[in-house]
Amino acid sequence: MTHHTRRSRRTGGRQRVHGLAAILGMLVLALAFAACGSDDSSSDTSSSSSGASSDASGGVAEAQKRLEPYKAAPTKITITEPLKSKPPGGKTVVMLGTNDPNNQKLQKGLKELAALAGWNYSTVSYDPANPATLNGAIDTALSKNPDYVAEAGIPLTPPMIDKVKSAGAKWVLTSVHPVDVKDPVIVDANAYENDELMGKVLADFFISDSKGKGNIVIEHVPAYPILEGFTDGFQAEVKELCPDCKVKIQDITIPDLTAGKVPSVMVSALRSNPDADYVGFDVGPFAAGIDSALAAAGMSDKVKVIGEAADEAAIASLKSGKQTAWTGFDPVYSTRVMMDAMFRDTLGMPIDQEKSGLQTTQILTKDNVGDISTWSEPKDALDQFKALWQLG
């Protein structure tokens with residue numbers, strides 16, 4: 001069985017929790033709501049002590065097999081069931097927004113889709129550095145009598161959830177973890193399983209590229225439980241398939257992240273692990289500055305850079321050959337999934353949470369990245385969604 005099934009995208013008996021942050025600039029507020037702290041400890045695992053049943057050569061062959069479907073750009077969206085009728089017009093959705101660039105992409109996407117459906121749309125802004133402003137933004141949003149309140153990246157407290165329910169509205173989320181998707185939450189687009197899948201895909205590349213001998217140090221910010229899916233998926237795949245591979249997780253503190261110290265922390269971790277020949281990142285923007293840091297440390301020719309959710313800088317580095325592999329990710333895809341869920345809710349249709357939680361992805365390397373500056377696949381994704389929605 002490959003990891004393309006629902007069963008293999010999950011880890012053990014983990015409750016369904018939710019995934020990759022589309023909103024990476026919300027550092028302070030995310031920390032305030034996260035249950036776990038962030039410290040600079042690190043963990044080190046080697047699958048050679050795990051009792052993995054696959055030998056090295058068999059694991060490499062299996063990793064190559066599992067990676068194959070992700071080498072080409074995807075052509076189909078994850079949601080396939082058409083609406084039973086055209087969605088009704090006149091509904092109101094309010095987005096709780098910030099000035100983060102990714103959040104602004106989500107705001108723009110939802111606004112355009114709402115207009116397509118003849119819905120009312122507005123944004124209520126809040127300051128992610130000031131948790132109290134999120135509560136205020138919810139109150140302002142509810143004063144607009146919305147049918148739906150959209151939010152991205154920040155875990156919600158029970159009072160926040162209940163406040164929206166009491167007002168007769170529903171939550172539409174993306175990249176929130178943890179969250180229980182039940183009334184009044186109708187969907188969490190881009191779920192934990194999506195990170196887990198990308199972690200497995202990147203691990204398959206790591207195993208294949210290193211011929212089953214790779215040694216990697218992976219950056220991780222514990223204050224973001226939404227990104228645990230990536231490290232969980234990566235480590236599980238390596239444990240299963242690569243007895244001779246080694247994985248070290250290097251924790252990064254929020255102060256170091258916001259101060260731009262990730263490159264120096266990772267170079268120090270690589271110096272402490274001189275046999276490491278890969279460095280990994282659990283989201284594109286967190287790799288900012290790593291190319292120059294590796295060059296200054298004399299490590300550019302020794303250490304390969306890989307990661308999940310390539311941003312523009314990562315794609316540019318793939319083109320130049322400075323970095324080796326990333327998974328593709330498009331935060332705007334979430335807005336289409338969110339809108340799809342709202343349409344289905346208005347029509348009394350079920351929402352497939354598994355398909356809504358997953359997004360398309362691809363393993364990107366210099367060989368296949370082409371001339372793109374950002375990754376957004378399938379290229380006709382919006383047209384495919386419009387066909388499901390019966391909207392021109």
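Descriptive notes on the structure:
- Each principal axis of the Cα atoms in region 310-369 has its own extent, and those three values, largest first, are 50, 17, 12 angstrom.
- Pairs from the table (Lys182/Lys379; Lys261/Lys355; Lys211/Lys366; Lys200/Lys355; Lys84/Lys163; Lys108/Lys170) lying more than 28 angstrom apart at Cα are Lys182/Lys379; Lys261/Lys355; Lys84/Lys163.
- For peptides 159-165, 135-141, sequence by mean Cβ density within 10 Å, most packed first: 135-141, 159-165
- The chain, relative contact order [Cα under 8 Å, separation at least 6], %: 25
- Accessible area ranking (1.4 Å probe, heavy atoms, ligands and nucleic acids excluded), largest first, for Leu83, Leu382: Leu382, Leu83.
- Fraction of accessible area attributable to carbon and sulfur, region 342-392 (%, probe 1.4 Å): 49
- Protection proxy ranking, peptides 172-178, 296-302, 116-122, 192-198, average beta carbon neighbours within 10 Å, highest first: 192-198, 172-178, 116-122, 296-302
- Calculated accessible area for the chain comes out at 39 Å² per residue, all protein chains present (probe 1.4 Å; ligands, DNA, RNA ignored).
- Helix-derived mean residue ellipticity, 222 nm - over the chain, DSSP H n ≥ 4, -39500 (n - 2.57), to 500: -11500 deg cm²/dmol
- Within the chain, antiparallel bridges make up roughly 20 percent of the DSSP beta bridges whose residues both belong there.
- Between Glu81 and Lys211, the simple label model (points 7 Å from Cα in the Cβ direction) yields a spacing of 4.8 nm.
- Around the amide H of Gly97, modelled in the peptide plane, lie the amide H atoms of Val124, Ser125, Tyr126, all under 5 Å away and 5 or more residues distant in sequence or on another chain.
- With Rh defined as the Kirkwood radius, the inverse of the mean 1/r over Cα pairs, the Rg/Rh of region 123-263 is 1.10.
- Accessible surface of region 243-285, 1.4 Å probe, proportion on carbon and sulfur as whole %: 46
- Rounded percent of accessible protein surface that carbon and sulfur make up, region 182-226, 1.4 Å probe: 57
- Mean projection of the Cα convex hull over all viewing directions, computed for region 280-383: 7.4 nm².
The values are calculated or read from the model by the stated rules, or taken from the named source; none is laboratory data. Given the structure is predicted, the values throughout are model-derived calculations rather than measurements. With ideal geometry, Cβ positions are generated from the backbone for all residues, glycine too; neighbour counts draw on all protein chains shown. Heavy atoms of the whole protein, side chains included, go into the accessibility calculation; ligands, DNA and RNA do not. Shrake-Rupley method; radii C 1.70, N 1.55, O 1.52, S 1.80 Å.
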